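Following: one structure in structure tokens, then a few remarks.
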Amino acid sequence: MRALITGSRGFVGAALMQRLIDQGHEVSGFSRAGGDRTLTGDLLDPASIRAAIDAFQPDMIYNLAAETDLKGAPRNGYAANTTGVSNLLEAVRASPSVQRVVWMSSQLVNRPGRAVTSDTDFDPEGGYGASKAEGERLVREADGGGKTWVIVRSTTIWGPGMSEHYLGVVRLIRRGLYFHVGRAPRMKSYSYIDTLAAQLEALGTTAQANIAGRVMYLADSPPIDLRLWSDAFAARFGRRIHTLPEPVARMLGMAGDLMTAVGLRSPLTSRRLDNMMTDYLYDTAPIEAVAGPPTISMQEGVRRTADWLIARDASVETSS
């Protein structure tokens, strides 16, 4: 496989790039920042897309580039997720080398916990989710630029290198500030980074008939029980997580809402509490039929992630 990865400097893009290199594939990245084995370009600059494809001649493209709001207001709105998709579709259609494209979308094309009736049943969460739903619509409308296409929806991605947004929960656990709400299991279709990279690789190497025109959720299986996942991190950090009754947690969430309203930061808001307490489970049978079951257990993923965080924080303290 000769693969071009857009968004190759991001968390998922970097992990996939390393996975493909390790597996002996020919790989080039594509990002605004450029870098080693990476072509410089922007999905909002059609000429740079065409130049990258002409220069590298990929037979496979992973479109992982996206504009999110995890680090504040998105640049140019969410244009990379819509206009950028349109630009890449045109370049794919014009390229004689490209045979297949994996289009990365998001679980947020629907609100977490909502029962979905079809691949085109959307009820997006926020502006980011709406832009990803529009991106999916554009891919379908253009039939993937006339090449084999598959849309994949990512979930909460965790593991060494994870973004500060999601790492915040792990840091709370490490500091002894995280708590369980009630005693019921909270089941989540999270996605460990190395499992995700292996699934993405399989989508590039499997027979085209196995993926053409499909939508798949990429996630760990079995799903994670948030309580057990959090307790595993706590044990690695030498902590113990306490349990709060739901009414108490609701009061703390409302207090967090008030703090947020006046510009103060709060580790808990009503929205974050709702996310914690909402089960979201996705069918991973389609991706498992292509990639097989995950080979890294939740416990092993927690060990790797906790040890990475401890080592990284120690390095920061040493250098400061």
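The values are calculated or read from the model by the stated rules, or taken from the named source; none is laboratory data. Small disclaimer: the values here were computed from a predicted structure and weren't measured. Neighbour counts are summed over all protein chains in view; Cβ atoms, including those assigned to glycine, are modelled from backbone coordinates with ideal geometry. Protein only, heavy atoms only, side chains kept; ligands, DNA and RNA dropped before computing areas. Shrake-Rupley method; radii C 1.70, N 1.55, O 1.52, S 1.80 Å.
In the frame of its principal axes, the stretch 99-239 has Cα extents of 53, 31, 25 Å, reported largest first.
Would you work out which of 217, 35, 254 lies farthest towards the positive end of the dipole of the chain, given +1 charges on the beta-carbon of Lys and Arg and -1 on that of Asp and Glu, about the Cα centre? Among 217, 35, 254, the one farthest towards the positive end of the dipole of the chain is 254.
For the stretch 215-267, the mean projected area of the C-alpha convex hull, equal to one quarter of the hull surface, is 6.5 nm². Within the stretch 152-271, antiparallel bridges make up roughly 20 percent of the DSSP beta bridges whose residues both belong there. Using the Karplus relation 6.51 cos²θ - 1.76 cosθ + 1.60 with θ = phi - 60°, the per-residue 3J(HN,Hα) values for the stretch 131-146 come to 5, 6, 4, 5, x, 4, 4, 5, 4, 5, 4, 8, 6, x, x, x Hz, with x marking Gly and Pro. Think of it as helices only: each DSSP H run of n ≥ 4 in the chain is worth -39500 (n - 2.57), and spread over all residues that comes to -14500 deg cm²/dmol at 222 nm. Look at where the Cα atoms of the stretch 30-89 and of the stretch 199-225 average out, and the two centres are 22 Å apart.
Evaluated with a Cβ-only charge set (Lys, Arg +1; Asp, Glu -1), the chain carries a dipole of roughly 820 debye about its Cα centre, given to the nearest 20. Here the accessible area of the stretch 1-100 is 46 percent carbon and sulfur, with a 1.4 angstrom probe and all protein chains present. Amide hydrogen proximity for residue 27: with H placed 1.01 Å from N in the peptide plane, the residues at 5 or more positions away or on another chain lying under 5 Å are 3. Considering only 176, 290, 85, and ranking their Cα positions along the charge dipole of the chain that arises from unit charges at the beta-carbon of Lys, Arg, Asp and Glu, the one farthest toward the positive end is 176. Shape analysis of the stretch 111-180 based on the Cα gyration tensor places the equivalent ellipsoid semi-axes at 33, 15, 10 Å, largest first.
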